[in-house]
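Peer 1: Would you mind keeping the following structure in view while I ask a few things?
Derivation of every value follows stated rules applied to the coordinates shown; laboratory data play no part. It should be emphasised that the depicted structure is a prediction, and the values quoted were computed from it without experimental measurement. All Cβ positions, glycine included, derive from the backbone under ideal geometry; neighbour counts span all protein chains shown.
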Amino acid sequence: MTILFGIPNCDTIKRTRKWLDQHAIEYQFHDYKKHGCSAELIQQFLQHFSYQELINTRGTTWRKLPDSVKNAINTESAIELMLAQPSMIKRPLIQSGDGYLLGFDEQRLANLLT
């Protein structure tokens with residue numbers, strides 16, 4: 001089963017969903033806004049990506065943080081931030097079987113899912 005993690009109003013998620021639909025790939029959408037993002041799920045992500053890779057530093061949520069928080073970030077504080085504001089997690093994050101993909105890249109999507 002392929003799972004797409006994200007938030008529905010994200011342009012990159014919309015583009016990813018369109019790509020998945022065009023390639024007739026069945027997937028489950030895990031909406032952080034509706035389903036949340038548990039500590040266990042974040043730990044699962046951290047088995048495949050570093051917290052530096054998971055945090056979307058280009059997003060508004062990150063940019064609004066005080067510099068003191070950004071400069072002192074470590075694994076524990078990153079987990080707390082992602083739990084409190086899952087929209088801070090880089091998108092899309094896709095799980096398919098044992099494989100994971102972070103970010104939109106058509107070739108990497110094809111390699112993982114086809």
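Peer 1: Among all residue pairs at least 6 apart or on different chains, which show Cβ distances below 6 Å where the first residue, located in the stretch 93-108, is without any contact (Cβ under 8 Å) to a residue 40 or more places away in the chain and the second is hydrophobic (A, V, I, L, M, F, W, C)?
Peer 2: Between residues of the stretch 93-108 that are without any contact (Cβ under 8 Å) to a residue 40 or more places away in the chain and residues that are hydrophobic (A, V, I, L, M, F, W, C), the close pairs are 99/112; 101/94; 101/112; 108/101.
Peer 1: Then there is this: Among the candidates 73, 79, 42, which residue alone is of a type in the set (Val, Ile, Thr), in contact with a helix residue (DSSP H, G or I) (Cβ under 8 Å, 6 or more places away or on another chain) and closer than 15 Å to residue 5 by Cα?
Peer 2: Working: 73 fails: closer than 15 Å to residue 5 by Cα; 79 fails: closer than 15 Å to residue 5 by Cα.
Every option except 42 fails the conditions.
Peer 1: Collect the residues in the stretch 52-86 that are among the β-branched types (Val, Ile, Thr) and touching a residue at least 40 places away in the same chain (Cβ under 8 Å), keeping them in residue-number order. Quick ask: steps written out before the conclusion?
Peer 2: Filtering the stretch 52-86 down to residues among the β-branched types (Val, Ile, Thr) leaves 55, 57, 60-61, 69, 73, 75, 79.
79 - this is the single residue of the stretch 52-86 that is among the β-branched types (Val, Ile, Thr) and touching a residue at least 40 places away in the same chain (Cβ under 8 Å).
Peer 1: Of a type in the set (S, T, N, Q), outside any strand (DSSP E or B) and over 11 Å from residue 55 (Cβ atoms): is that true of residue 77 in this structure?
Peer 2: Working: of a type in the set (S, T, N, Q): yes; outside any strand (DSSP E or B): yes; over 11 Å from residue 55 (Cβ atoms): no.
The answer is no for residue 77.
Peer 1: May I ask you to list the residues in the stretch 31-66 that are assigned to a loop (DSSP other than H, G, I, E, B) and surrounded by fewer than 12 Cβ atoms within 10 Å (Cβ to Cβ)?
Peer 2: The first filter runs over the stretch 31-66 and keeps only residues assigned to a loop (DSSP other than H, G, I, E, B), leaving 36-38, 47-50, 56-59, 64-66.
If the condition is that a residue be assigned to a loop (DSSP other than H, G, I, E, B) and surrounded by fewer than 12 Cβ atoms within 10 Å (Cβ to Cβ), then 36, 38, 47, 50, 58, 64, 66 are the ones that fit.
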